[in-house]
1. Against the longest principal axis of the chain, how steep is helix 97-108, in degrees 0 to 90 to the nearest 10, with axes from Cα atoms?
2. Calculate how steeply helix 18-28 sits against the longest principal axis of the alpha-carbon atoms of the chain, using the helix alpha-carbon long axis, and give the answer as 0 to 90 degrees to the nearest 10.
3. Give me the angle, in degrees from 0 to 90, between the Cα long axis of helix 75-90 and the longest principal axis of the Cα atoms of the chain, rounded to the nearest 10.
4. Tell me the mean residue ellipticity at 222 nm calculated for the chain from its helices only (DSSP H runs of n ≥ 4, each -39500 (n - 2.57), averaged over every residue, nearest 500).
5. Between residue 69 and residue 110, with labels modelled 7 Å along Cα→Cβ, what's the label distance in nm to one decimal, could you check?
6. What fraction, in whole percent, of alpha-carbon pairs in the stretch 2-133 exceed 22 Å separation?
7. Using a Förster distance of 35 Å, how high is the FRET efficiency between residue 50 and residue 91, based on the Cβ-Cβ distance and rounded to 0.05?
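Please treat every number below as a calculation from the coordinates, not as lab data. Source: prediction; values computed, not measured. Quick reminder, even Gly has a Cβ in these numbers, built from the backbone with ideal geometry, and neighbours come from all protein chains shown.
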């Protein structure tokens, strides 16, 4: 199974949140598990760590994601994002660009998106999990 971790989940993981760590460990050890790194998540994490000059945390982050597959956004992903953005805005339920691009990454990779902010992704036909709730679903 493929997993895309949202920025907030990686932050919880790096801070040692017990529920998130337990969920991560339980899926990491399952055969055929693949973690996919969204370029948007990578950007969000790196920019903050660089702003704070948190070199130890940056090294921790790089070690955590070293074996993950980075999934660049294709032209088709950008087009899909544009359609979804327009649909959500037309329906009166706008979505932030970063969240939308993370969602499109998960959709393109047939991955479960793990986030604390599941409501941000409602209506996007995504498989969602919230590991802060002590469940690795």
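1. Helix 97-108 sits roughly 80 degrees off the main axis of the chain.
2. 80
3. That helix lies at roughly 70 degrees to the long axis.
4. Working: 6 runs with 71 residues, N = 137.
-16000 deg cm²/dmol, from helical runs alone.
5. The modelled label-to-label distance comes out at 1.0 nm.
6. 36
7. Values: r = 36 Å, r/R0 = 1.04.
That pair, residue 50 with residue 91, gives E of 0.45.
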